[in-house]
Amino acid sequence: MAEPSSVDPWGTVKIKDYDQLVKVFGIQPFHTVMRLMVEKGLPLSLHMRRGIIFGHRDFDKVIVSALERGEKAAVLTGFMPSGRFHLGHKLTVDQLLYYQRSLGVKVFVALADAEAYSVRRLPREKVIKLAVEEYVASMIALGLDPEKTTFYFQTNRGTPYYRLIQMFSGKVTASEFQDIYGDLTPAKVVAALTQAADILHVELEEYGGYKNVVVPVGADQDPHIRLARDLADRFSRDLGLKKPAATYHKLIRGLDGGKMSSSRPDFTIFLSDPPDLARRKLMAALTGGRATAEEQRRLGGVPEACTVYDLYLFGLIPNDRELRRVYEDCRGGRLLCGACKRMAWNLLEEFLKNFQERLEQAKEIAWKVVEAPSF
Ligand code: TRP
Ligand code: SF4
């Protein structure tokens, strides 16, 4: 892997590919928005500061200006309850926490059970249980305030939401769907329209009339964002819809450098992993270390290539100055991977322990704050 020319503790995860995304898809780079936010006295989140949130659409026009004018704003995202809750999901929840606590923005979370059932073909009972006990419970255990957060199942969201899906179906083309999913199946078409309704329904009076909406997603979800924004335009007159904003984040890598995903459990840290298991996964993680200790002292490690450094960067080390110190000690050959992994494990163990202590009670709360579908 090519090494970067300047010392940049934030610049991990193949930044070139993300620059490419910004160029090709017309996503705006996030750093200009950050400058604006600082000017306006708005706090930045850890993931903004560290360049993990790398792009946006209309975040300045929709969210920054809403906050400036004291208008109400909402953040909405969705999860497909198809596997266990892991560190990749936590990245999105950390952003929701920032909106809720630091900006006072209303939070909506869609549980994409319709998508899980129709596209992934998972059994209903399994999806419902996972959605409540893994997703909603984990989000509450991570600190989302259940009183201030609306969690809902897609299949339960009510008549006006479903009315949107029907209306949207008359104003989209087959090629728009192809952009989103490649091939077309009825399930995928319905899922795409349902997701557009997720993103846009909170603008309706029936759901609070939030006209300034931001959707934080990974770049893979951008076609959905484009569809929702186009539909907002097409229904601006009839329904008073306004284009939502979006932010795009980098994805945390799995511990082998590949994808972090429920389907790759050996390389994924689940928040409910027993400590022993999490420890074994971490100790086997791919680092940016050299072949021998001698070489590493001489040449230094490559944090950009290191999945342990990814954990730090994405929040395991919350303090920016400490993160920078680890970065520089690694590059300077003063920190070796064995000691570094032990430090990572101490931090991760503490986090998992605190989280898991809260999880059982959070499960009970979860069943009360979200209405589970009857079938
Ligand atoms: N399709 C998304 C996924 O696979 C889940 C989702 C459903 C979503 N509705 C949403 C994401 C609305 C963002 C906004 O993860
Ligand atoms: Fe990664 Fe730490 Fe090794 Fe550097 S010292 S390569 S950050 S494990």
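Let me know the charge dipole size of the chain about its Cα centre in debye, to the nearest 20, where only the beta-carbon of Lys, Arg (+1) and Asp, Glu (-1) is charged. Spell out each step's value before the answer.
Working: 53 positive and 47 negative charges, 68 e Å.
About 320 debye.
Is region 140-256 rounded, prolate or oblate when judged by the Cα gyration tensor, a ≥ b ≥ c being the square roots of its eigenvalues, rounded requiring a/c under 1.5 and prolate requiring a/b larger than b/c? Please report the intermediate quantities before stating the final value.
Details: a/c = 1.62, a/b = 1.09, b/c = 1.49.
Because a/c hits 1.5 or more and a/b fails to exceed b/c, region 140-256 counts as oblate.
Roughly to the nearest percent, how much of the accessible area of the chain is carbon and sulfur, given a 1.4 Å probe? Each step should come with its number before you reach the end.
Numbers: 8620 of 16930 Å².
That share works out to 51 percent.
Mind checking the angle between helix 320-331 and the chain's longest principal axis? C-alpha axes, 0 to 90 degrees, to the nearest 10.
Value to nearest ten degrees: 50.
Between region 308-375 and region 118-176, what's the alpha-carbon centroid distance in Å?
Region 308-375 and region 118-176 have Cα centres spaced 27 Å from each other.
Compute the relative contact order of the chain as a whole-number percentage, counting only Cα pairs closer than 8 Å that sit 6 or more residues apart in sequence.
Values: 560 pairs, mean separation 78.3, N = 375.
Relative contact order of the chain: 21 percent.
List every residue whose amide H lies under 5 Å from the amide H of G333, counting only residues 5 or more places away in sequence or on a different chain, with H placed 1.01 Å from N in the peptide plane.
Amide H to amide H, under 5 Å and 5 or more residues apart or across chains, G333 pairs with G300, G301.
Check the straight Cα-Cα distances from K61 and name the aspartates and glutamates below 17 Å, setting aside those fewer than 8 residues away within the same chain.
Within the straight-line cut-off, K61 pairs with E39, E71, E203, D230, D233.
Could you provide, to the nearest whole Å², the per residue accessible area of the chain with probe 1.4 Å?
45 Å²
Per-residue ellipticity at 222 nm for the chain, helices alone: DSSP H runs ≥ 4 residues times -39500 (n - 2.57), over residue total, nearest 500 deg cm²/dmol?
Working: 18 runs with 181 residues, N = 375.
Calculated from helices alone, the mean residue ellipticity at 222 nm is -14000 deg cm²/dmol.
Collect residues whose amide H, placed 1.01 Å from N in the peptide plane, falls under 5 Å from the amide H of G55; neighbours closer than 5 in sequence don't count.
F30, Y248
Would you mind checking K40/K106; K106/K353; K23/K250; K106/K243 for any pair whose Cα atoms are more than 24 angstrom apart? Mind showing how you got there, number by number?
On the way: K40/K106 20 Å; K106/K353 29 Å; K23/K250 15 Å; K106/K243 17 Å.
Going by Cα-Cα distance, K106/K353 fall outside the 24 Å limit.
Using packing as a proxy for protection, rank 174-182, 216-224 so that the peptide with the highest average count of other Cβ atoms within 10 Å comes first.
Numbers: 174-182: 13.4, 216-224: 18.3.
The peptides rank, most packed first, as 216-224, 174-182.
Please report, in Å, the Rg and the Dmax of region 15-146, where both are computed over Cα atoms only.
Both quantities, over Cα of region 15-146: 16.6, 50 Å.
Sort region 186-226 into rounded, prolate or oblate with this rule: let a ≥ b ≥ c be the square roots of the eigenvalues of the Cα gyration tensor; rounded if a/c is under 1.5, and if a/c is not under 1.5, prolate when a/b is larger than b/c, oblate otherwise. The partial results should precede the final answer.
Details: a/c = 3.62, a/b = 1.39, b/c = 2.60.
The shape class here is oblate.
When the Karplus curve 6.51 cos²θ - 1.76 cosθ + 1.60 is applied with θ = phi - 60°, which whole-Hz ³J(HN,Hα) does each residue of region 174-189 get, with x for Gly and Pro?
Once rounded to whole Hz, the list reads 4, 6, 5, 5, 4, 4, 7, 10, x, 8, 10, 10, x, 4, 6, 4.
List the equivalent ellipsoid semi-axes of the chain in whole Å, largest first, each obtained as the square root of 5λ for an eigenvalue λ of the Cα gyration tensor. Could you put the intermediate results ahead of the total?
Working: eigenvalues 252, 114, 77 Å².
After diagonalising the Cα gyration tensor, the semi-axes are 36, 24, 20 Å.
Tell me, what ³J(HN,Hα) does each residue in region 18-31 have, in order and in whole Hz, if you take phi through Karplus 6.51 cos²θ - 1.76 cosθ + 1.60 with θ = phi - 60° and put x for Gly and Pro?
Each residue's phi maps through the Karplus curve to give 6, 4, 4, 4, 4, 5, 6, 9, x, 6, 7, x, 7, 5 Hz.
Considering only DSSP beta bridges whose two residues both sit in region 33-173, what percent are antiparallel, to the nearest 5? Intermediate results must be reported in sequence, preceding the final value.
Values: 0 of 11 bridges.
Within region 33-173, antiparallel bridges account for around 0 percent of the total.
Taking the Cα centre of region 191-323 as the origin and placing charges on Cβ (Lys, Arg +1; Asp, Glu -1), which of G208, T307, I252 is farthest toward the positive end of the dipole?
Checked the options; the winner is T307.
Could you rank the peptides 37-48, 323-334 by their average count of other C-beta atoms within 10 Å per residue, with the highest value first? All intermediate terms of the calculation are to be shown ahead of the outcome.
Details: 37-48: 15.4, 323-334: 18.1.
For the peptides 37-48, 323-334, the packing ranking is 323-334, 37-48.
Using alpha carbons only, how many degrees (0 to 90, rounded to 10) separate the axis of helix 337-369 from the longest principal axis of the chain?
30 degrees
Going by average Cβ density within 10 Å per residue, which order do the peptides 96-107, 185-196 take, highest to lowest?
Values: 96-107: 17.7, 185-196: 19.2.
Most protected by this proxy first, the peptides run 185-196, 96-107.
What is the Cα radius of gyration of region 265-363 over 2.2 N^0.38 Å, N being its residue count? Don't jump to the answer; show the numbers that get you there.
On the way: Rg = 14.4 Å, N = 99, 2.2 N^0.38 = 12.6 Å.
This ratio for region 265-363 stands at 1.14.
Work out from phi, with θ = phi - 60° and the Karplus expression 6.51 cos²θ - 1.76 cosθ + 1.60, the ³J(HN,Hα) of each residue of region 100-117, listed in order in whole Hz, and give x for Gly and Pro.
After applying 6.51 cos²θ - 1.76 cosθ + 1.60, I find 5, 8, 8, 10, x, 8, 5, 10, 10, 10, 8, 9, 7, 6, 5, 5, 4, 6 Hz.
The values are calculated or read from the model by the stated rules, or taken from the named source; none is laboratory data. All values reported here derive from a predicted model rather than from experimental measurement. Cβ coordinates were reconstructed from backbone atoms using ideal geometry, including for glycine residues, and neighbour counts include every protein chain displayed. When the accessible area is computed, the model is the full protein with side chains, heavy atoms only, and any ligands, DNA or RNA have been set aside. Shrake-Rupley method; radii C 1.70, N 1.55, O 1.52, S 1.80 Å.
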